[in-house]
1. Put a dot 7 Å past each Cα toward the Cβ at B:Ala70 and A:Asp198; how far apart are the dots in nm?
2. Determine the dipole magnitude for chain A: charges of +1 sit on the beta-carbon of Lys and Arg, -1 on that of Asp and Glu, nothing else is charged, the reference point is the Cα centre, and the result goes in debye to the nearest 20.
3. Hey, got the average number of other protein chain Cβ atoms within 10 angstrom for residues in A:299-307?
4. Starting at the first residue of region A:62-76, write each ³J(HN,Hα) from the Karplus equation 6.51 cos²θ - 1.76 cosθ + 1.60 with θ = phi - 60°, in whole Hz, x for Gly and Pro.
5. State the answer as a single residue: which of B:Trp111, B:Leu136, B:Ala221 lies farthest towards the positive end of the charge dipole of region B:83-227, with beta carbon charges of +1 for Lys and Arg and -1 for Asp and Glu, about the Cα centre.
6. Distance between Cα centroids, region B:187-263 to region B:71-118: provide it in whole Å.
7. For A:Gly42, which sequence-distant residues (separation of 5 or more, or a different chain) have an amide H within less than 5 Å of its own amide H, given hydrogens modelled in the peptide plane?
8. Mind jotting down the distance between the C-alpha centroids of region A:221-295 and region A:58-104, whole Å?
Amino acid sequence: MRGRTAAAAALLALTACTAGPSLENRGQVTASPGDSHHLTIGSAGFTESDLLAQIYAQLLNRAGYRTSILTVANRELYEPALESGRIDVVPEYAATFADWLNAKTHGADAKPVGSPDLDATMKALRTLAAPRGLTVLPPGRAVDQNAFAVSAGYARRHGLETLGDLGAAKLKVRLAAGDECVQRPYCAPGLKKVYGIDITGVDPKGVGTTQAKRAVQDGRDQMVLTTTTDATLDLFGLVLLADDRHLQNADYVVPVVNRSRAGSERVARALGRLNGVLTTKDLARLNQQVDAWRRLPADVARTYLKDKGLLK
Amino acid sequence: MPGSARSGRKTPGAGAPPPLTGTAAGAGETGAPTRTGHHNAPIRSPDRCNGPVTAPPDDCLARNEWICGAYLSTRRQVLFDAVVQHLQLTFLSVLIGLIIALPLAVLARRWRWVAGPVLAGTTILYTIPSLAMFSLLLPLYGLSAGLVVAGLVLYSLTLLVRNLLAGLRAVPEETRQAARGLGHGPVRLLLTVELPLALPAAMAGLRIATVSAVSLVTVGAIVGFGGLGNLIYSGMNTYFKAQVLTASVLCVLIAVAADLLLLGVQRLITPWARADRA
C-alpha cells in the first residue's frame, strides 16, 4: 500500500513539470488596477457567451490590446481562473453572477442577492466581486432573463401583450418549463402571486427546449418558459409576454474583469462603447445567426460591430 | 442555484441537460421543408441589414445537415487549428507517458515487489473518470494544456507499463544468461537484448495508448484544450450536426493514421519479426 501511494506521488511529481501557474498566487485585492497588454477573454461555451466574448475581444483589439479567447465548460471552472488572472475578461449576467458569488462566499443556503432591481443587484454584485479582485464594469442595455411566451394566435384571441394581461384574463394555463419551475420564485409561484395567473400545472419539458415550444405551438401547453434572447420563437409562432411587474431578475450583460490585469480605464472605455448600442433584441438576432444559421461567432460579431460603427 | 429559475443556460453544468439544445434545436430540428418560408421572410429590423451575414441564408449550414461542404470551407482554419492542437496534445502525452513508463517497467521487472504496487497504482489511475481526473488536477495546473497532458499521461501509464513489463518478462531466461555469458553488464543487457526483444509487446501497448489518447483528448474540451473535442462539445450543445460529424470523423482518422504509423515504425525497427513470418 505504501509503495502504491509513493508510486502515485512520484508520478504526480514527475508529470508536474509541465505545470502552469498556480490558481492562488495572483490577483491580489491590494494590487493597483493593472493594464496588461495581452488579455484573455473567457467564454462559458454557450452561443451567447461565445458571441459576447468575440465582441469584447474585437473591441479590445481595436483599443490596442492583443487578445485570445478561452472557452471553458462552466462558471465553476472559469471564475477561479478569472480571480487568478488566467482569464482577464468574462461576459457575465448581473443577477445570476451575484447569486453565484453569494453562494460561493456565504454558502449555498445564503439569501439570494440578485433581484429585479438593477441598481441593488449591481451594488450587491460589486460588493461580492471586489474582495476577489474582480471589477464589474457598467451594464449596458442587453438583458438575458427568463421570459414567458405564448402562441401568437392565443395572444390575439385573448388580447394578451403582458403577463399582467394574462392574469387579468383569468385563463387556465399549463406551463412548459423545467421541473424546478414549481419552486422557483421567478417561475410558477411568482406568476401566481405577482400576476394572479392560474397555473394548472408545469409540464417538465425544460427551459426553452424544442419540445417545450412544440407543446405550446400544438396547444398542449399554453405558455413556455424561455429567455429574452431566444431568437427561434418566430419559428414556432410564439410571442413573448412582457414582464410588466418586474418579476424577473436584472440579468443585464456585464463585463467582469480581473482588476490587476484589466482594471484600467482604457479597458472600461473600450467595452463601455458597447453599452449604449447592444440591445436584447440585437443579442437575440446574433444568437439566431449562430444557432440557426450556423455562422461563425467571430464573423457575426465583426459584422455587427462594423454595422454599428464600433469597428472599422 | 438559489435565485434563478433558469435551469442551466447561465449556470452551465448545473445538472440540467444541455440547455442550449432547445434554442438551437428549435432552429435545426424543424427541418428544411418548413423553414424555407422563414428564410425568405423579412427579419425584424431589415434597416439594419448589412453584409452577407444578416440575410437569412438557405444553405446546408442553416439547414443543419450532417454532411455540409460549406461547413468545411468556412471552418477550414478552425478545423486545422483543432487538428494541430489534437495532435500536439496526443503526441506530448504519449511521449511523456513512455518516458515515465519505461523506468517503471524496468524497475518492476528487476524487483518483483515493485511490480504489484506499480501495476495496481497505474490501473487505479486508469479507473478514475476523465472528468474527475481533470477536476482533480485543476488546482495543480490551472486552465492550461498542461492539465490535459498530465491527465492523459496518467491514463497512458497503465497500458504502457503493463505491455512493457509483459514484453520484458517474455524475454527467455536462456537468452539473458547467454548475454551475461558474453560479458554483457545490466545496462548493456537491457539496451541491446531485453528491450529489443520486448519491442513487439511494447509497441502493441504504445499503439493502444496512442489510440486511446486520441479519443481522450476530446474530454479536454471542458477546460478549452480538447483539440477536436472543443468542436464536438460546442456542436453537441447547439445540435450542430455537421460540426459533430466532421470533428468526430477527423478524430477517428487521426486515430487510424496514428495506429498505422506506429505499425509501420514497428515493422521497420523489428525486421526479425517479419523474417520469422515469411
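Every read-out reported here was derived from the displayed coordinates using simple, explicitly stated rules and does not represent laboratory data. Computed from a predicted model, the values in this text were never measured in an experiment. We place every Cβ from the backbone using ideal geometry, glycine too, and count neighbours over all the protein chains shown.
1. It works out to 4.8 nm between the two label points.
2. Dipole size: approximately 480 debye.
3. Mean partner-chain Cβ count within 10 Å for A:299-307: 3.
4. 4, 7, x, 8, 8, 10, 9, 10, 10, 9, 10, 4, 7, 5, 4
5. My answer, from the dipole projection, is B:Trp111.
6. 8 Å
7. For A:Gly42, the qualifying residues are A:Leu70, A:Asp88, A:Val89, A:Val90.
8. 16 Å
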